[in-house]
1. Which ranges mark the strands (runs of 3 or more DSSP E) fully within region 361-428 that have 2 or more residues being within 24 Å of the chain's Cα centre (by Cα) and more than 23 Å from VAL347 (Cβ to Cβ)?
2. Can THR214 be described as β-branched (Val, Ile, Thr), under 22 Å from the mean Cα position of the chain (by Cα), surrounded by fewer than 24 Cβ atoms within 10 Å (Cβ to Cβ) and in the same structural domain as MET56 (by TED's automatic domain parsing)?
3. For region 232-250, which residues satisfy the criterion of being surrounded by fewer than 24 Cβ atoms within 10 Å (Cβ to Cβ) and not in a loop (DSSP other than H, G, I, E, B)?
4. If you check ALA100 against the conditions, is it over 28 Å from THR448 (Cβ atoms), touching a residue at least 12 places away in the same chain (Cβ under 8 Å) and under 24 Å from the mean Cα position of the chain (by Cα)?
5. Checking the conditions here, which among ASP315, ASP276, ASP292, ASP280 is out of contact with any Phe, Trp or Tyr (no Cβ under 9 Å at 6 or more places or on another chain), among the charged types (D, E, K, R) and in contact (Cβ under 8 Å) with a residue 40 or more places away in the chain?
6. In this structure, is GLU361 surrounded by 21 or more Cβ atoms within 10 Å (Cβ to Cβ) and acidic (Asp, Glu)?
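The values are calculated or read from the model by the stated rules, or taken from the named source; none is laboratory data. Owing to the predicted nature of the structure, the values given are computational and were not obtained by experimental measurement. FYI the Cβ positions are ideal-geometry reconstructions off the backbone, even for glycines, and counts take in every protein chain you see.
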Amino acid sequence: MTTATSSTLESINPATGQPIGSVPVTPVGEIDAVVARAREAQKAWGALSTAERVEMLRPVAKAIEARADEIGDLMTAEMGKPTVEGRGEAAYAASCVPGALNSIMEALAPEHLEDQAVETTLYYDPYGVCGVITPWNFPFLMPQQTVLPALVAGNTVVLKPSEETPLTGQAFADIYNEFLPEGVLQIIHGDGEQGRALVQSDVNLIAFVGSRATGQHILQSAGGGLKRVILELGGKDPMIVLDDADLDEAADFAVFNSFRNCGQVCVSTERIYVEDGIADKFEQAVIKRVGDFVVGNGAEEGTTHGPMVSTRQKDMVLEQLETAKQQGAVVSCGDTPMEGNFVAPTVLTGLNHDMDIMHAETFGPIACIMRVKDEDEAVTLANDTPYGLGAAVFSGDTDRAANLARRMTAGMIGINKGCGGAKGSPWVGAQQSGYGFHGGTHGHRQFTQVRIVSVPKS
């Protein structure tokens with residue numbers, strides 16, 4: 001969490017309330033100049049071959065790996081996730097770089113087409129300057145997943161990390177800038193005011209990861225200049241548990257995906273629909289597992305769940321919880337008052353679909369379990385949302401699950417697993433959970449302008 005003045009963002013440890021560092025706020029009036037420097041730097045950066053840009057970026061992997069513990073501890077201090085998760089995020093980011101560079105380079109290689117009369121080459125050229133706005137819940141990995149394909153494509157980048165995690169964002173930029181020419185990657189700090197100024201500046205593309213409401217504002221603002229946008233937005237991810245599911249497997253996933261990172265994940269499971277015949281056993285299995293959690297300072301050994309990122313986030317979650325109880329939801333475990341920014345992992349049952357908590361994104365440690373009479377009711381309720389990011393179906397019959405999955409409106413659906421796909425799959429949101437996408441061949445190409453050059457056959 002942060003406190004802000006007109007000139008600085010002070011990062012505050014959400015577990016202790018103690019300051020851990022600060023960064024200077026970028027004056028709004030300077031952002032146009034930052035973008036202008038990026039545009040000047042792009043001339044030389046874009047003139048390099050894709051292979052040359054990739055080779056300049058390869059050392060990033062070892063640099064992150066060497067500092068993974070330091071970066072992870074910074075994430076724990078800045079937004080609260082347990083040490084093992086913070087260090088794990090940094091180590092994972094390092095491990096991803098070599099493969100990502102290779103896959104991006106492959107995706108952007110020119111393509112050749114021909115027919116009886118014409119030979120055509122498709123080139124994937126840079127747009128120019130990309131504005132990248134990233135969230136606080138994965139404050140190192142999320143910048144990498146958007147900045148890396150933008151850079152390899154030949155764009156320069158102006159990065160605005162979340163105001164909740166400015167130190168981690170700065171650490172990311174500092175590492176990358178050890179290997180990049182001046183002006184290719186620049187960072188600005190601030191809140192929504194700086195974000196709006198970046199969107200309205202002379203950038204060619206905006207890549208944003210965050211809330212649906214902010215994404216809508218970005219789309220409206222960018223539309224006037226017909227700027228390209230890539231928006232990864234919020235979710236209200238459903239999980240369907242059919243009566244032939246492995247209950248232990250389903251309960252393990254439900255608990256993991258509802259509560260990891262304190263539910264502060266865009267693809268957290270926020271709605272669980274379980275067929276009546278197995279509902280009692282499933283609820284008991286979930287409750288038993290939640291009882292093993294240890295909530296506390298993420299830096300302390302044994303902690304499984306740290307604090308919410310800020311008092312504001314805690315208050316939003318508790319307000320949803322209180323409304324749900326007033327509307328008739330049953331607290332089956334959790335809801336224990338906790339001081340500071342901590343929220344006890346909570347399981348709600350006795351739900352119906354008229355309750356507010358079944359529709360608004362929670363982004364907190366609350367698992368909502370609702371009973372349904374059959375799979376048709378489950379899929380109807382799962383689709384009753386403007387969101388469409390991830391979903392999961394658990395069943396002992398994979399054909400049955402696959403048929404049901406094809407009826408769901410989410411962009412990514414897992415069967416007896418989370419929603420993430422095989423290597424090379426893009427990260428895709430449907431409905432109001434996404435506009436454009438990233439990752440995989442098709443996602444990497446979103447950071448490029450396709451240019452078609454055709455010549456007649458002789």
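1. Working: elements: 366-372, 390-394, 412-415.
Of the strands (runs of 3 or more DSSP E) lying wholly inside region 361-428, those with at least 2 residues that are within 24 Å of the chain's Cα centre (by Cα) and more than 23 Å from VAL347 (Cβ to Cβ) span 412-415.
2. Here the answer is yes, as THR214 does meet what is asked.
3. Hits for region 232-250 are LEU247, ASP248, GLU249.
4. Details: over 28 Å from THR448 (Cβ atoms): no; touching a residue at least 12 places away in the same chain (Cβ under 8 Å): yes; under 24 Å from the mean Cα position of the chain (by Cα): yes.
No.
5. Just one listed residue meets the conditions, ASP276.
6. Values: surrounded by 21 or more Cβ atoms within 10 Å (Cβ to Cβ): yes; acidic (Asp, Glu): yes.
When the stated conditions are applied, GLU361 passes them.
One line per residue, one yes/no per condition, for (1) closer than 26 Å to GLY99 by Cβ; (2) in contact with a Ser or Thr (Cβ under 8 Å, 6 or more places away or on another chain); (3) of a type outside the set (A, V, I, L, M, F, W, C); (4) not assigned by TED's automatic domain parsing to the domain that holds GLU106:
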| site | (1), (2), (3), (4) |
| --- | --- |
| GLY390 | yes, no, yes, yes |
| PHE394 | no, no, no, yes |
| ALA405 | no, no, no, yes |
| GLY411 | yes, yes, yes, yes |
| ASN416 | yes, yes, yes, yes |
| GLY436 | yes, no, yes, no |
| THR441 | yes, yes, yes, no |
| HIS444 | yes, yes, yes, no |
| ARG451 | no, no, yes, no |
